[in-house]
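For reference, the structure discussed in these notes is given below.
The values are calculated or read from the model by the stated rules, or taken from the named source; none is laboratory data. A quick note: this is a predicted structure, and the numbers were derived from the prediction, not measured. With ideal geometry, Cβ positions are generated from the backbone for all residues, glycine too; neighbour counts draw on all protein chains shown.
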Amino acid sequence: MSEDNKNLEDKAEELNNTTKNTEQAKEKIDQFTEKAENKFEDIKADAKDTFEKAKAKAKEFVEEDAKELYDEAKEKASKIADEAEEKLDELKDDAKAAYEKAKAKTTEFINEDAKEFVDETKEKVSKFADEAEEKLDELAEDAKEVIEETTKKTKSFFQRLFGKK
C-alpha cells in the first residue's frame, strides 16, 4: 500500500511539474507576443511619421504653385505607405495566428497531462520565437526599405522639380 502511495505521489509531482513547465511556456509565449505587437506598433508609427513628413514637404510645394506635382507626389507616397502598412498588418496577423495556435496546443497539453510533450513544446516555442524574430527582422527591413524608397523618391521628385540633379 505504501508503494502505491509513493507511486501516486510521484505521479502527482510529475503532473505538477508538467503543469508548471507548460505554464512557463505559456507565459513566455505571452511575453513574446506582447513584445512582437509593441515592435509592430513602433514600426507602424515610424512609417506613419515618415509619411507625415513627406506630406508636409509636399504641402510646401502646393503653397509655391506646384499643385499638379504635389498631387502626383502625394499619391505615390500614399501608395508606398499603404503597401508598408499592408505588409505590417499581414505580418502582425501571421504572428497572432501563430500565437493562437501555440496557445491552443499548450492548453491541449495541459488537459491531456502529457509530460512527454513538454520537451517538444519547449522546442516548438523556441522555433516559433526564432521564426517570429526572423519575421520581425524582415518586417523591420521591409519598413526601412519602404521608408528609404519614399525618401529617395521624394528627394528625386524635389530635385527634378527645382532642376537640381
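Does Ala129 satisfy the condition of being among the small types (Gly, Ala, Ser) and at pLDDT below 80? Judged against the criteria, Ala129 is not a match.
Among the residues of region 50-61, is any over 34 Å from the mean Cα position of the chain (by Cα), surrounded by 12 or more Cβ atoms within 10 Å (Cβ to Cβ), of a type in the set (A, V, I, L, M, F, W, C) and at negative phi? Checked region 50-61: at least one residue is over 34 Å from the mean Cα position of the chain (by Cα), surrounded by 12 or more Cβ atoms within 10 Å (Cβ to Cβ), of a type in the set (A, V, I, L, M, F, W, C) and at negative phi.
Taking region 64-110 as the range and being among the small types (Gly, Ala, Ser) and either at pLDDT 80 or above or in a helix (DSSP H, G or I) (or both) as the test, the residues that pass are Ala73, Ala77, Ser78, Ala81, Ala84, Ala95, Ala97, Ala98, Ala102, Ala104.
On inspection, Phe32 passes the criterion of being more than 18 Å from Lys79 (Cβ to Cβ) and part of a helix (DSSP H, G or I). Pairs are defined by a Cβ separation below 7 Å, a sequence spacing of at least 6 or placement on different chains, a first member in region 61-82 that is over 19 Å from Thr151 (Cβ atoms), and a second member that is modelled with pLDDT under 80 and part of a helix (DSSP H, G or I); the pairs so defined are Val62/Tyr70.
Considering only region 2-11, I want to know if a residue exists there that is polar (S, T, N, Q) and in contact (Cβ under 8 Å) with a residue 12 or more places away in the chain. Checked region 2-11: no residue is polar (S, T, N, Q) and in contact (Cβ under 8 Å) with a residue 12 or more places away in the chain.
I'd like the full set of residues that are of a type outside the set (Phe, Trp, Tyr) and surrounded by 15 or more Cβ atoms within 10 Å (Cβ to Cβ), limited to region 123-143. Across region 123-143, the qualifying residues are Lys124, Val125, Ala129, Ala132, Lys135, Leu136, Leu139, Ala140, Asp142, Ala143.
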